[in-house]
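Each reported figure results from applying straightforward, stated rules to the coordinates on display, with no laboratory input. From a predicted model like this one, the values you see are computed outputs, not experimental measurements. Quick reminder, even Gly has a Cβ in these numbers, built from the backbone with ideal geometry, and neighbours come from all protein chains shown.
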């Protein structure tokens with residue numbers, strides 16, 4: 001009789017330890033997953049801020065550069081494409097992030113072309129509204145870089161946590177999958193040639 005109580009006691013202790021381990025690990029995975037999702041919302045937030053600045057920027061440039069219709073239309077079209085691509089935060093895989101990034105890269109390219117056009121208009125470059133919008137856009141681009149870095153850090157912490165033993169077993173049991181990272185554009189590792 002005494003042996004059976006000892007065996008029952010050992011089984012209860014093992015079950016309590018196993019439950020605590022699984023519960024703690026699961027809750028940490030949920031916390032880290034929610035952190036990545038929240039950081040993704042911040043990434044989308046700063047991209048939306050950039051998209052919101054563009055109509056004002058285009059309107060200001062349009063007043064000075066009326067014959068640059070093609071460039072202005074390409075910026076508007078790129079903005080439309082960029083804002084139409086949305087990602088479900090629960091499905092942050094490499095393909096969805098790449099699709100999102102491709103749309104944002106198209107907008108960045110169109111904005112670069114717009115800034116080249118602006119160089120031809122000294123009055124526009126001196127316009128206070130334009131200067132303020134340009135400053136806000138530059139700050140927003142910096143925020144985008146910061147939020148993308150923060151997202152990658154959150155995704156790295158989450159990925160590291162779910163891939164370590166024995167957490168990887170729990171992660172596969174509960175369906176926690178690795179999150180994708182933002183990556184630099186192809187060819188970004190090569191410095192551009194500057195010629196005078």
Practice prompt. Multiply the residue separation of residue 17 and residue 156 by 0.36 nm, subtract the distance between their alpha-carbon atoms, and state the gained length in nm to one decimal.
Written response: 47.2 nm
Discussion item. Which of 40, 5 has the fewest other C-beta atoms within 10 Å, and how do the rest follow up to the most?
Written reply: 5, 40
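Using alpha carbon coordinates only, what is the Rg to Rh ratio of region 104-162, with Rh defined as the Kirkwood radius? Before the final figure, lay out each step's value.
Details: Rg = 16.8 Å, Rh = 13.8 Å.
Result for region 104-162 is an Rg/Rh of 1.22.
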Worksheet item: How much length is gained on full extension from residue 181 to residue 77, taking 0.36 nm per residue of separation minus their Cα-Cα distance?
Response: 34.8 nm
Worksheet entry | Whole-Å distance, taken between Cα centres, linking region 1-78 and region 100-165 | 19
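Below 8 Å between Cα atoms, with a sequence gap of 6+, how large is the relative contact order for the chain in percent? The partial results should precede the final answer.
Details: 138 pairs, mean separation 60.3, N = 196.
Relative contact order, the chain: 31 percent.
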Worksheet, complete the sentence: Asserting the computed 222 nm helical MRE of the chain (DSSP H runs at least 4 long, -39500 (n - 2.57) per run, divided by residue count, to nearest 500) equals -27500 deg cm²/dmol
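Listing 151, 100, 165 from the residue with the fewest other Cβ atoms within 10 Å to the one with the most, what is the order? Mind showing how you got there, number by number?
Details: 151 24, 100 20, 165 6.
Least to most surrounded, the residues fall as 165, 100, 151.
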Worksheet item: How big is region 2-174 in terms of Cα radius of gyration and Dmax, in angstroms?
Response: 25.2, 96
Fill in: Nearest 10 degrees, 0 to 90: helix 128-163 Cα axis against the chain principal axis
20
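Can you sort 173, 115 so the residue with the fewest Cβ neighbours within 10 Å comes first?
Numbers: 173 10, 115 13.
So the ranking, lowest neighbour count to highest, is 173, 115.
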Worksheet item: For the pair residue 34 and residue 96, how long in nm is the line joining their label points, each one 7 Å along Cα→Cβ?
Response: 1.9
Item to complete: Between residue 128 and residue 87, with labels modelled 7 Å along Cα→Cβ, what's the label distance in nm to one decimal, could you check?
Response: 4.1
